[in-house]
Amino acid sequence: MGAIETQGFKLDDSGRRIVVDPVTRIEGHMRCEVNLDSNNVIRNAVSTGTMWRGLEVILKGRDPRDAWAFVERICGVCTGTHALTSVRAVEDALGIKIPKNAHLLRELFNKTLQVHDHAVHFYHLHALDWVDVVSALKADPKKTSELQQLVSPSHPLSSPGYFRDVQNRLKKFVESGQLGPFMNGYWGNKAYVLPAEANLMAVTHYLEALDLQKEWVKVHTIIGGKNPHPNFLVGGMPCAINIDGNGAAGAPINMERLNFIQARINEMVEFCKNVYLPDVLAIGTLYKHAGWLHGGGLSATNVLDYGEFPKVNYDKSTDQLPGGAIINGNWDEVLPVDPRDPEQVQEFVTHSWYKYADETKGLHPWDGVTEPNYKPEGPKFKGTRTAIEQVDESAKYSWIKAPRWRGHAMEVGPLSRYILAYAHARKGNKYAQRPKEQLEFSAQMVNSAIPKALGLPETQYTLKQMLPSTIGRTLARCLEAEYCAEMMVEDFKELIANIKAGDTATANVDKWDPASWPKEAKGVGCTAAPRGGLAHWIRIKDGKIDNYQCVVPTTWNGSPRDHKGQIGAFEASLMNTPMANPEQPLEILRTLHSFDPCLACSTHVMSPDGQELTTVKVR
């Protein structure tokens, strides 16, 4: 018990212990425990993934061409991103190059996912950490309209009558006692600082986003056949292109469906520009002036991404969100990241419920071992195997492994990608200039333009002060959504031009037959998933999967301590955060939700007592 130094923080596990289990409004199964000092400031944080992921074990011995169909079942939210990463890994191992149309269709698919996921994350999973829904009933619709027109004059839905109608709908919810999606919020908590009019504006846009997102996701059903869990193909995409087709035979992509995709892209561009970004900037400004730049600290000084969205197929030097690693907040030096290098990426299990032969050493994913070893124990542990009251962070305490890059705990996600893009752009990378422009515009709005319009004092914060925070993390997701929508406009134009030139190929099947494969091969696939850098590593032997390992964004961010005691990004982000009311842990949820944790990606199924549930025989 007491204080220890780790990763620049003084962790103090004395004082009052607060447990949040489960952390709700996310995908998966997460537990968080914090220790508070006498001033209700968090001085120690412990993040736990509470279920085991066994897909690596399930995949052994299977056909590599089928892996995508299994791994995309890791998650039902970030649909297709695991499938895309999987086919990239197999294609890398076998040296397969996909046609240009397949590349562009994958880009449209992946960027649609980014916009859809980020908008759903903010409005339906995270906004309620900033927005007091019930307070919206006290708003003056006329003043809400004025606020809307102030922060977003181009959005057509902004009349006082429109906001009054939404307020009346909300009032019926509240008076009925059935708040539906707004149940169980900490309404009235002092950690909420928005005026009633801002709350009504945000709730209104919550409902607008609810309607729009179900249309955007139809792009996935056109390209991938269905959603969730769309279809992919090693060597390309399974959708045929037939401009003159009626869409019946083999569900080809025809002109009608291309027009539908274009319409949805235009909707995404307009919503991000006129609703999503203005909301985030306005909310961020008001919370910044309330002193809420918490939730970053050292969690955002070490950042990593593999790079994504190449302008030219197969050419990483044209990535429009270039990757790399930054250590200790040194934005002047971007270090190259190579997921193939066994000295760079390693996973540790010192504090994870897994077993290695030597747990003082990490394993590169190509050599990864997934052997469960569920032993909740330690001198501070309280409870039973099936009813944990308190974990002991000095022992094993999570089903998530601890990945490290060159020994460092790293944060991944849109915030990491935008810090890296900004650093690349400052060094002259022409493909990273747009993110730099977005960040500089946002800083100007938050520091001067919006405060001036709202009658608030103008206070200058540099990007290095603003970005490594919960507000900065939320802003980066929004900017990435806007950027992806813009990139899709160009991708769509390029796809149409390619088709007009007579190219309708969507797959390369030259190496489809396992007889054409080498006896042994290994590859890695990387993707900018909505929650951060995602990579799958595969080893193929005699035409079957010999080993398969996924290191997902929440494995990086939600990792437990490693053998050196370094804490992960979730734990680091909570440090030194004050709480208004520990009985209503709004600040914990607000900070953790800014990462959009996906625990299902990091963990999967095991029985309550830890025994094997079933045996799967692979033919």
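The values are calculated or read from the model by the stated rules, or taken from the named source; none is laboratory data. Remember, predicted model here, so these are calculated numbers, not experimental data. Ideal geometry is used to build each Cβ from the backbone, glycine not excepted, and the neighbour counts take in all protein chains shown. Remember, those area values only see protein heavy atoms, side chains included, never the ligands or the DNA or RNA. Shrake-Rupley method; radii C 1.70, N 1.55, O 1.52, S 1.80 Å.
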Next item on the list: Give the residue, chosen from ASN199, ASN254, that is under 30 Å from TYR314 (Cβ atoms) and open to solvent by less than 40 Å² (accessible area, probe 1.4 Å).
Entry: ASN254
Check: If you check every pair at least six apart or on different chains, which have Cβ atoms under 7 Å apart with a residue in segment 498-522 that is free of Cβ contacts under 8 Å to residues at least 24 places away in the same chain first and a residue that is exposed (fewer than 11 other Cβ atoms within 10 Å of the Cβ) and part of a loop (DSSP other than H, G, I, E, B) second?
Finding: LYS519/ASP542
Margin query: Every residue in segment 279-310 that is modelled with pLDDT of 95 or more and farther than 23 Å from PHE595 by Cβ, please.
Written below: PRO310
Item checked: Sole exception among (1) among the basic types (Lys, Arg); (2) modelled with pLDDT under 95; (3) closer than 20 Å to ASP117 by Cβ for LYS273, by number -> (2)
Margin query: Among the numbered criteria (1) under 23 Å from the mean Cα position of the chain (by Cα); (2) in a loop (DSSP other than H, G, I, E, B), which one does ALA357 miss?
Written below: (1)
Check: Can you tell me how many residues in segment 376-413 are in contact (Cβ under 8 Å) with a residue 40 or more places away in the chain, aliphatic (A, V, I, L, M) and surrounded by fewer than 24 Cβ atoms within 10 Å (Cβ to Cβ)?
Finding: 2
Checklist line | Count - residues of segment 251-270 that are in a loop (DSSP other than H, G, I, E, B) and at pLDDT 95 or above | finding: 0
Notebook entry, point to check: Residues in segment 200-232 that are assigned to a helix (DSSP H, G or I) and either touching an Asp or Glu at 6+ places or on another chain (Cβ under 8 Å) or charged (D, E, K, R) (or both): how many?
Noted result: 10
Next item on the list: Taking the residues in segment 110-151 that are in contact with a Leu (Cβ under 8 Å, 6 or more places away or on another chain) and among the small types (Gly, Ala, Ser) as candidates, determine which candidate is farthest from SER86 (Cα to Cα).
Entry: ALA139
Check: On the given criteria, is ASP542 modelled with pLDDT under 95, surrounded by fewer than 22 Cβ atoms within 10 Å (Cβ to Cβ) and of a type in the set (Asp, Glu)?
Finding: no
Margin query: Tell me whether segment 76-83 contains one or more residues that are open to solvent by less than 10 Å² (accessible area, probe 1.4 Å), among the polar types (S, T, N, Q) and over 19 Å from the mean Cα position of the chain (by Cα).
Written below: no
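Results for (1) outside any loop (DSSP other than H, G, I, E, B); (2) of a type in the set (Asp, Glu), shown as yes or no for each residue.
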residue	(1), (2)
ASP392	no, yes
ARG417	yes, no
GLY428	no, no
GLN433	yes, no
PHE441	yes, no
TYR461	no, no
Notebook entry, point to check: Where in segment 79-171 are there helices (runs of 4 or more DSSP H), lying wholly inside it, with at least 1 residues that are more than 30 Å from LEU589 (Cβ to Cβ) and among the β-branched types (Val, Ile, Thr)?
Noted result: 81-94
Next item on the list: Report, by residue number, each residue of segment 272-324 that is part of a helix (DSSP H, G or I), closer than 19 Å to ALA569 by Cβ and among the hydrophobic types (A, V, I, L, M, F, W, C).
Entry: LEU298, ALA300
Note to self: Quick test for you: out of ASP92, ASP37, pick the one residue that is buried (at least 16 other Cβ atoms within 10 Å of the Cβ) and over 30 Å from MET183 (Cβ atoms).
What the structure shows: ASP92
Note to self: The conditions are (1) outside any strand (DSSP E or B); (2) acidic (Asp, Glu); (3) over 16 Å from HIS424 (Cβ atoms), and GLU347 fails exactly one of them. Which is it?
What the structure shows: (1)
Check: Scanning segment 138-169 for residues that are among the hydrophobic types (A, V, I, L, M, F, W, C) and in contact with a helix residue (DSSP H, G or I) (Cβ under 6 Å, 6 or more places away or on another chain), which turns out farthest from ALA202 (Cα to Cα)?
Finding: LEU150
Margin query: So the check is Cβ under 9 Å with 6+ separation or different chains; which pairs have a first residue in segment 85-105 that's on the phi > 0 side of the Ramachandran plot and a second one that's open to solvent by less than 20 Å² (accessible area, probe 1.4 Å) and not polar (S, T, N, Q)?
Written below: GLY95/ALA521; GLY95/GLY523
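Residues checked against (1) over 14 Å from ARG404 (Cα atoms); (2) open to solvent by less than 10 Å² (accessible area, probe 1.4 Å); (3) small (Gly, Ala, Ser):
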| site | (1), (2), (3) |
| --- | --- |
| LEU293 | yes, no, no |
| VAL303 | no, yes, no |
| PRO336 | yes, no, no |
| GLN346 | no, no, no |
| LYS361 | no, no, no |
Next item on the list: Select from segment 172-194 the residues that are part of a loop (DSSP other than H, G, I, E, B), open to solvent by less than 60 Å² (accessible area, probe 1.4 Å) and without any contact (Cβ under 8 Å) to a residue 24 or more places away in the chain and list them in ascending order.
Entry: GLY177
Note to self: Against the conditions (1) at pLDDT 95 or above; (2) surrounded by fewer than 24 Cβ atoms within 10 Å (Cβ to Cβ); (3) in contact with a helix residue (DSSP H, G or I) (Cβ under 9 Å, 6 or more places away or on another chain), where does GLN114 fall short? Just the number, please.
What the structure shows: (2)
Next item on the list: Could you list all residues from segment 483-525 that are within 23 Å of TYR422 (Cα to Cα), in contact with a helix residue (DSSP H, G or I) (Cβ under 8 Å, 6 or more places away or on another chain) and open to solvent by 30 Å² or more (accessible area, probe 1.4 Å)?
Entry: GLU486, VAL489
